[in-house]
Structures are given as C-alpha cells and as structure tokens.
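First comes the structure, then the notes that go with it.
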Amino acid sequence: MLTVQTLQFLGVFKFIAMKLTKLVKNSRQLIQLLIALAFFSSMLLTNDVAIITLIPLLSLSIKNLKVAPELPIILICLAANLGSILLPIGNPQNLFLFFNYQLNLNQFINLSFPLWFISLIICESLSVLINPVRIVPQKEPLPVFNQWQLILSSFSAIIVLLSGLKLIPLLSGIIIAVFTSLIISPEIFKNIDYALLLTFLCFFIAVNNLSQAKFIKYFLKNIDNYQLGVYLSRLGLSQFLSNVPTAILWSPFTNQVPALFYGTNIAGLGTLIASLANLLAFKQYQIHFQPPNINI
C-alpha cells in the first residue's frame, strides 16, 4: 500500500493513464482501453488501486459526453477483479491463499491462467454495449516528475513486487517501501487506508473466533471432501461476509485449493459487499458522479 501510494503521490498512474487515453477517438474505445488497463494493471498494482486510479480518470474523460457512467464503472470493476487473479499479489484473498497453502508461483499461475484468459475475452466483449460517442481531447497538463524520486520509487516497486512473489525475503520489501516513502514525502503515510487495514485485522480476529464454533467446524468438515460443496458454499457465503474473510474462514478446514480459489475469486463478482473492490468502486462512483447533497 505504501508503494502504490508513493507512485500515486508522484503522479505516475495519472501520467500513464492520460497518455494512453489520448490514443482513443470515442467512448467505446475509451472504455475498452480502461478495461484493458484495469485488467492488466490489477495483477501487479492490486484490483483496489486499479479502481481508485481509473474511475477518476473515467470521470475526467466523459464529463462532457452523454455517457451514463454506471455500465463503464461496472466493467472497470469487473476487469480489475478478474485481471487481478493471475498473480497472487493482485488481490488480498489470493495473497492469503498463496502463503497459507505454501504454493509456488508456477502452481498458482497454472491454477489462475485459464480463468484469467477467459475473463479477458468476456470483459472486452462486454464493451460493445457502450455507445461510441466522439471524444474531444482533454487539455489538462501532464504531471512533471522529479527524476531521482521516480527512479527510487520504481526501484522500491520492483523490490516489493519480488518480495510479494516470494522471490526475495518479504522483510526486504517492507523495509524498502517504508524508507522510500519517508525519503520522498512523509505525507504519503497520511494517504494509507488504515481503516481498511484495521478491517482486515478485525476480519482475521472475527473469523478465527467464528471458526472455533462447533457447528461451524461440523459444517465445514462435512463439505471438505466435495469440491463442488466448497466452491458453492464459498460462492454463497462471500455475498454476505466478503470473499477475503470467507477464504480465511475456510482455510483451516479444506485442502481443496482449486475449489477455494475459484469460489473466492468468482464470488467477488456478486453483491456490493462480496468484494472490498466493489465497495471501493461504489465509493468512487458516489464521489465522482453523484452530485453532492445541498441543504438550503
């Protein structure tokens, strides 16, 4: 989170996104590009960051167009959730499964690639539902970078990526991320979503307590031997508890990793609370597309 906030602080994401959006001519091409950006960037930057970065860009790009924002936002959220599954660092539930079941990178990609590839085709195919309205290029100036800060933050991002993939010690990524953010600007620490971190901490505590209940143990152990049971129960429960805590809840009781993986990731496409990324997308929609309430 520190590394991502550092890159956002420097304007790296905005620079890349603005450069790419100058290549499109109409709203359909714009949404197709944003879908591709969300899909491919989320596997490295996480689905949350893809959503937080691209929905404001969508707002800037279509503010003078007669394009309803709901479907584009849904497609961007869909692409971010599904694109993030290729690598374990793409979303928190897969990072948890990756470490909890002690998978190596090759095992994980063999598991994730088929769903990831099919999802890419589906996401881009859905973009034909967007009405192609002509886009007038925006005249907003591009961000200007401090060269040494950009080099330092890029190096930090590479170290964090390698540590997240277990190619180098995890502590290396933590230390580099903290010191890089401190050197560039201590204000970066103010932009961390500490409430989200606290939420995850509470999920771990609550789910651990819940897993001690006898009726929960009995239920989970009884479906452990059935891949379909693990998959469907994950799919259903995630709609109420979100996919990250239910992955944590299930892990002590099953070794059905494929069923748990597919159930965890497909479940996030359901209700608003099925994935924290969905909630972030809805929050971005409220911020950028819904007019503020005015009390008179």
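The values are calculated or read from the model by the stated rules, or taken from the named source; none is laboratory data. Predicted, not measured: the structure shown is a model, and the values here were computed from it. Here the Cβ positions follow ideal geometry from the backbone for every residue, glycine too, while neighbour counts run over all protein chains shown.
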| said: Regarding segment 170-187, can at least one residue be identified that is surrounded by fewer than 18 Cβ atoms within 10 Å (Cβ to Cβ) and under 21 Å from the mean Cα position of the chain (by Cα)? | reply: yes
| task | Inspect segment 100-114 for any residue being in contact with a Ser or Thr (Cβ under 9 Å, 6 or more places away or on another chain) and more than 27 Å from T6 (Cβ to Cβ) and give the result as yes or no. | result | yes
| request: Go through the residues of segment 171-194 one by one and say whether even a single one is modelled with pLDDT under 85 and aromatic (F, W, Y). | output: yes
| First in segment 240-253 and over 16 Å from S84 (Cα atoms), second anywhere and among the acidic types (D, E), Cβ under 8 Å, 6 or more apart | F253/D224
| Got a sec? Which of F117, F113, F155, F108 is closer than 30 Å to V178 by Cβ, at pLDDT 90 or above, exposed (fewer than 13 other Cβ atoms within 10 Å of the Cβ) and out of contact with any Asp or Glu (no Cβ under 6 Å at 6 or more places or on another chain)? | F155
| query | Quick one: what pairs do we get from segment 160-171, first residue of a type outside the set (A, V, I, L, M), second crowded, with 16+ Cβ neighbours inside 10 Å, C-beta under 7 Å, 6+ apart or different chains? | reply | S163/G173; G164/I89; G164/G173; P169/S163
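Yes/no matrix, rows are residues, columns are (1) closer than 14 Å to V4 by Cα; (2) out of contact with any strand residue (DSSP E or B) (no Cβ under 9 Å at 6 or more places or on another chain); (3) assigned to a loop (DSSP other than H, G, I, E, B):
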residue: V144; (1), (2), (3): no, yes, yes
residue: S154; (1), (2), (3): yes, yes, no
residue: I159; (1), (2), (3): yes, yes, no
residue: I176; (1), (2), (3): yes, yes, no
residue: T180; (1), (2), (3): yes, yes, no
residue: I183; (1), (2), (3): no, yes, no
residue: A195; (1), (2), (3): no, yes, no
| Within the set of pairs 6+ apart or on separate chains, which have a first residue in segment 103-131 that is among the acidic types (D, E), a second that is crowded, with 17+ Cβ neighbours inside 10 Å and assigned to a helix (DSSP H, G or I), and C-beta atoms under 9 Å apart? | E124/Q32; E124/I35; E124/A36; E124/F39; E124/A79
| task | Select from segment 1-47 the residues that are modelled with pLDDT of 80 or more and assigned to a loop (DSSP other than H, G, I, E, B) and write down the one among them that is surrounded by the most Cβ atoms within 10 Å (Cβ to Cβ). | result | T46
| message | Among the listed residues L228, L237, identify the single one that is of a type outside the set (K, R), over 24 Å from the mean Cα position of the chain (by Cα), part of a helix (DSSP H, G or I) and at pLDDT below 85. | response | L228
